1. One residue is enough: does the stretch 367-388 have a residue meeting the conditions surrounded by fewer than 21 Cβ atoms within 10 Å (Cβ to Cβ), within 11 Å of the ligand (Cβ to nearest atom) and at pLDDT below 95?
2. Being without any contact (Cβ under 8 Å) to a residue 24 or more places away in the chain and within 13 Å of the ligand (Cβ to nearest atom) is the requirement here; does residue 396 meet it?
3. In this structure, is residue 229 modelled with pLDDT under 95 and surrounded by 21 or more Cβ atoms within 10 Å (Cβ to Cβ)?
4. Could you tell me how many of the residues in the stretch 103-128 are at pLDDT below 90 and either touching a strand residue (DSSP E or B) at 6+ places or on another chain (Cβ under 7 Å) or surrounded by 17 or more Cβ atoms within 10 Å (Cβ to Cβ) (or both)?
5. Which of the residues spanning the stretch 417-455 are in contact with a helix residue (DSSP H, G or I) (Cβ under 9 Å, 6 or more places away or on another chain) and free of Cβ contacts under 8 Å to residues at least 12 places away in the same chain?
6. For the stretch 413-430, which residues satisfy the criterion of being more than 10 Å from the ligand (Cβ to nearest atom) and crowded, with 16+ Cβ neighbours inside 10 Å?
7. Quick check, is residue 283 buried (at least 19 other Cβ atoms within 10 Å of the Cβ), more than 20 Å from residue 192 (Cα to Cα) and either in contact (Cβ under 8 Å) with a residue 12 or more places away in the chain or more than 18 Å from the chain's Cα centre (by Cα) (or both)?
8. Only one residue in 220, 173 is in the same structural domain as residue 119 (by TED's automatic domain parsing), closer than 24 Å to residue 108 by Cα and at pLDDT 90 or above. Which one?
Ligand SMILES: NC(=O)C1=CN([C@@H]2O[C@H](COP(=O)(O)OP(=O)(O)OC[C@H]3O[C@@H](n4cnc5c(N)ncnc54)[C@H](O)[C@@H]3O)[C@@H](O)[C@H]2O)C=CC1
């Protein structure tokens, strides 16, 4: 999957006060001197304050950089600082905004205006997306090579991420982490600080066109401040990440094991150490579909030989997944983005782990089991491994071997019974689960119903972990 996400990471929230999401200039009113629609002043307002490149003008014009932004696959990676094997993995992330509703507190004036715009454009979201990208590519053709040649269903990811962030602008704690992850993740596309004003300008261009009924100077000023804040957090996170990690890793396929006609276990060796935590995922690009990145969970806890493995199911019309299952062979070189996701084990408690792995969703669950084993803990781990048929339980042998080695582990295969009893239903027959944290991994529908069942049987939301559904919708394709 352009991998499963749990969440964006890293805290970095400056302590105290309003933090990052208090606009650096006080919110203004409609009567203020905020720019109205003049593009020049709008862009000046949106220009991120952080880290212009050496020699850049103080207020460079948006299109100052005419060099092609990316096409990285042919170029050797620029690696500012090589991580060493002792580089600690990034801290796990809090959940993405969609998973944790903003606490009930009074919305800031900017948030009210931003949400009003969002409500207005919601019914015409597709048009906003098309118009946004049309504006971006017409006004800034130099940015076009940063996107895939064929803009598939993921083309609106950038816009979606920005709008998600804007909508949750008051939910500082979660949002900062989300944006930092987004900023770090954008390094692999070749995104630079000077690209942000171009995107902001087109974002506002598209919103003002489709939310014209509610658009006024005050709304525009709110969006400018919101976008400036968003881009600043992303730019700062990318700059900090540059000091400790490459923008991407090359990884050579060293093993390819076709487990069923459409599921392969792909093992790769990164060109340099790749720190991550069990339960996380990465983004992956194949040589056959340049600039198309998909998310895949790591199927093992970090290994001493540094190898990484992924379980990939070839999906109908899944370009990347089909290439990985049917075309990739040892010796092929892939690219990996940074690790992400918060579906990780909390080693500060000894609660049990209740794990639901559906289909290839068993991959990160296996990693979690290995992680618990490596920590030498004796906490109960109960794995429910769901599949459509016996034949689809492609990793059951591995899971049963793990169970033989670890008395604290229980593995229960759950095969669909005529579509009536599905994986999540099975957990009702066992329990009680009061002392367990729950981990849910698999297709989005299974995650949704898994979370419903868990809540229904009394597991509190804060004890349920899963990757972000919005990431999973296109994951693995
Ligand atoms: N971290 C994560 O959450 C990961 C998620 N995945 C995702 O897992 C999926 C695996 O796909 P397949 O192997 O084809 O799975 P699948 O479609 O064969 O389903 C696997 C299991 O989930 C159950 N299930 C599916 N839809 C359900 C629903 N709506 N309600 C209740 N139960 C449901 C099925 O009954 C089956 O037991 C992919 O979408 C992949 O992207 C894969 C790896 C990690």
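The values are calculated or read from the model by the stated rules, or taken from the named source; none is laboratory data. Worth saying up front: this structure is predicted, and the values here are computed from it rather than measured. Virtual Cβ from ideal backbone geometry, glycine too; neighbours counted across all protein chains shown.
1. Checking the stretch 367-388: at least one residue is surrounded by fewer than 21 Cβ atoms within 10 Å (Cβ to Cβ), within 11 Å of the ligand (Cβ to nearest atom) and at pLDDT below 95.
2. Values: without any contact (Cβ under 8 Å) to a residue 24 or more places away in the chain: yes; within 13 Å of the ligand (Cβ to nearest atom): yes.
It is true that residue 396 is without any contact (Cβ under 8 Å) to a residue 24 or more places away in the chain and within 13 Å of the ligand (Cβ to nearest atom).
3. Numbers: modelled with pLDDT under 95: yes; surrounded by 21 or more Cβ atoms within 10 Å (Cβ to Cβ): yes.
Yes.
4. First, the residues of the stretch 103-128 that are at pLDDT below 90: 103-107, 122, 125-126.
Applying the additional criterion that residues be either touching a strand residue (DSSP E or B) at 6+ places or on another chain (Cβ under 7 Å) or surrounded by 17 or more Cβ atoms within 10 Å (Cβ to Cβ) (or both) yields none.
Of the residues in that region, 0 qualify.
5. Of everything in the stretch 417-455, just one residue is in contact with a helix residue (DSSP H, G or I) (Cβ under 9 Å, 6 or more places away or on another chain) and free of Cβ contacts under 8 Å to residues at least 12 places away in the same chain, namely 455.
6. Scanning the stretch 413-430 gives a single hit, 427.
7. Numbers: buried (at least 19 other Cβ atoms within 10 Å of the Cβ): yes; more than 20 Å from residue 192 (Cα to Cα): no; either in contact (Cβ under 8 Å) with a residue 12 or more places away in the chain or more than 18 Å from the chain's Cα centre (by Cα) (or both): yes.
Considered against the rule, which asks whether it is buried (at least 19 other Cβ atoms within 10 Å of the Cβ), more than 20 Å from residue 192 (Cα to Cα) and either in contact (Cβ under 8 Å) with a residue 12 or more places away in the chain or more than 18 Å from the chain's Cα centre (by Cα) (or both), residue 283 comes out as no.
8. Just a single option satisfies the conditions, and that option is 220.
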